[in-house]
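Reviewing the structure listed below.
The numbers here are math on the coordinates, done by the rules we state, and not lab data. Here the structure is a predicted model, which is why all the values come from computation and not from measurement. Because the Cβ atoms are built from the backbone with ideal geometry, glycine has one as well, and the counts that use them run over all protein chains shown.
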Amino acid sequence: MSTSGSTQGSSGRLAVSRFSEGVSWSTIDVTLIMFAAFPAGRVVSLQAPPGAQLPDRIKVFPLMDEQDLLPGREVVEYDVVFLEMPRDPEGVVSAWLEVSLEAGAEFSWFAYEGSFSYDEVLTESIATCVYGVAAAGVMATALDDELRDGDRWREQVVSLRRRLGLG
C-alpha cells in the first residue's frame, strides 16, 4: 500500500512547504533522514538504490539504545544528503526504504531532524514528522503537509508501530 502526496509545481519541484523546510533545515543542503531498525548484529552498509537519483553524500550514524527500548534490534540513521531538492523526492524516499528492507531491516522510516527518540518510534506524537515508512508488506510516503497532518497518516504510522510490537 502506498500513500503519497507531494505537491509539485510545473518545474517538478516541491512547492515551499513544511516538508521542504524540514529537510532543508541546514540551509546549505537537503537532508532526507532515514532510520532503519535491523535485527541485532545484522546491520549492513546500504548501497544507493539503483535508478534513484544519487545523493551528494550519505552520513551513517549507529544509534545507541541504552534503555533497550527496541530489544533485539539496532537502529542506524542514514542522512541522505543532496545539494538541492531531488527531482523526485518521493521516489528517492521510497527507493531508500525499499533498499533498507532488502538489506535486512525489519522496518525503516524517514523523519525530520530532531524527531528521533527510542521511546517515540512511530508514535502518534511524532507522526507528523514522519514522511515515509516501510516494513514487510508496507510502503507508504507522505511528503504532502496536508496528508501528513491527517488522521489517516497518523493511524497508518501508529498501526505499523503496533504491528511491530512497539506498543
Name the residue, out of Ala105, Ala52, Ala37, whose mean-square fluctuation peaks in a Gaussian network model built on the chain with Cα pairs under 10 Å. Ala52
What number, rounded to the nearest 500 deg cm²/dmol, is the helix-based mean residue ellipticity at 222 nm of the chain, given -39500 (n - 2.57) per DSSP H run of at least four residues and division by all its residues? -6500 deg cm²/dmol
Quick one: helix 151-163 against the long Cα principal axis of the chain, what's the angle to the nearest 10°, folded into 0 to 90? 30 degrees
Against the longest principal axis of the chain, how steep is helix 89-102, in degrees 0 to 90 to the nearest 10, with axes from Cα atoms? 20 degrees
Please find, in a Gaussian network model of the chain (springs between Cα atoms separated by less than 10 Å), the residue of Met64, Met139, Met85 whose mean-square fluctuation is greatest. Met64
Mind checking which of Val60, Tyr112, Ser45 is farthest towards the positive end of the chain's charge dipole, using Cβ charges of +1 (Lys, Arg) and -1 (Asp, Glu) about the Cα centre? Ser45
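Lys and Arg at +1, Asp and Glu at -1: add these up for the other residues within a Cβ distance under 14 Å of Ser100 and post the number. Provide the component values of the computation, followed by the final result.
Working: positive: Arg42, Arg73; negative: Glu74, Glu77, Asp79, Glu98, Glu102, Glu106.
Its environment carries a net charge of -4.
Once you keep just the Cα pairs under 8 angstrom separated by 6 or more residues, what percentage relative contact order results for the chain? Mind dumping the intermediate values first?
On the way: 299 pairs, mean separation 47.8, N = 167.
Here the relative contact order equals 29 percent.
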